Amino acid sequence: MKHHPTPKQLEVLNIIKQSIITRGYAPTLDEMSKEIGISRISVYDRICGLKNKKLLYNHPHMARSWVVG
């Protein structure tokens with residue numbers, strides 16, 4: 001079964017993708033929260049949802065090492 005992101009999760013996923021393309025690394029929770037206009041915990045919740053759906057992964061010992069799945 002293919003899991004699809006919600007529109008809010010997709011917004012975060014697109015920000016992460018764009019940052020990786022333009023800067024070579026993912027944005028911080030603070031940067032994403034300011035760009036979207038929501039709290040850091042809300043960004044974190046959306047990231048957790050993406051991880052649960054296997055749409056986003058990170059390396060356990062590297063900061064801001066998101067891999068879009």
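The values are calculated or read from the model by the stated rules, or taken from the named source; none is laboratory data. Keep in mind that this is a model prediction, so the values were computed, not measured. FYI the Cβ positions are ideal-geometry reconstructions off the backbone, even for glycines, and counts take in every protein chain you see. Just the protein is used for accessible areas: all its heavy atoms, side chains included, with ligands, DNA and RNA removed. Shrake-Rupley method; radii C 1.70, N 1.55, O 1.52, S 1.80 Å.
Taking each residue as 0.36 nm, the span from His59 to Tyr25 lengthens on full extension beyond its C-alpha to C-alpha distance by 11.0 nm.
Mind checking the per residue accessible area of the chain for me, 1.4 Å probe, whole number of Å²?
Values: 4700 Å² over 69 residues.
Averaged over the residues of the chain, the accessible area is 68 Å².
Amide H contacts for Asn58 (H built 1.01 Å from N in the peptide plane; partners 5 or more residues away or on another chain; cut-off under 5 Å): Val67.
Rounded to the nearest 10 square angstrom, Val67 shows an accessible area of 60 square angstrom against a 1.4 Å probe. Label-to-label distance, Lys8 versus Ile36, with points set 7 angstrom from Cα along the beta-carbon direction: 0.8 nm. Rg/Rh for the chain (Cα atoms only, Rh after Kirkwood) is 0.93. Summing Lys and Arg as +1 and Asp and Glu as -1 over all other residues whose Cβ lies under 13 Å from the Cβ of Gln18 gives a net charge of -1. Phi angles of region 61-69 translate, via the Karplus equation with coefficients 6.51, -1.76, 1.60 and θ = phi - 60°, into HN-Hα couplings of 10, 10, 6, 6, 9, 5, 10, 7, x Hz per residue; Gly and Pro are given as x.
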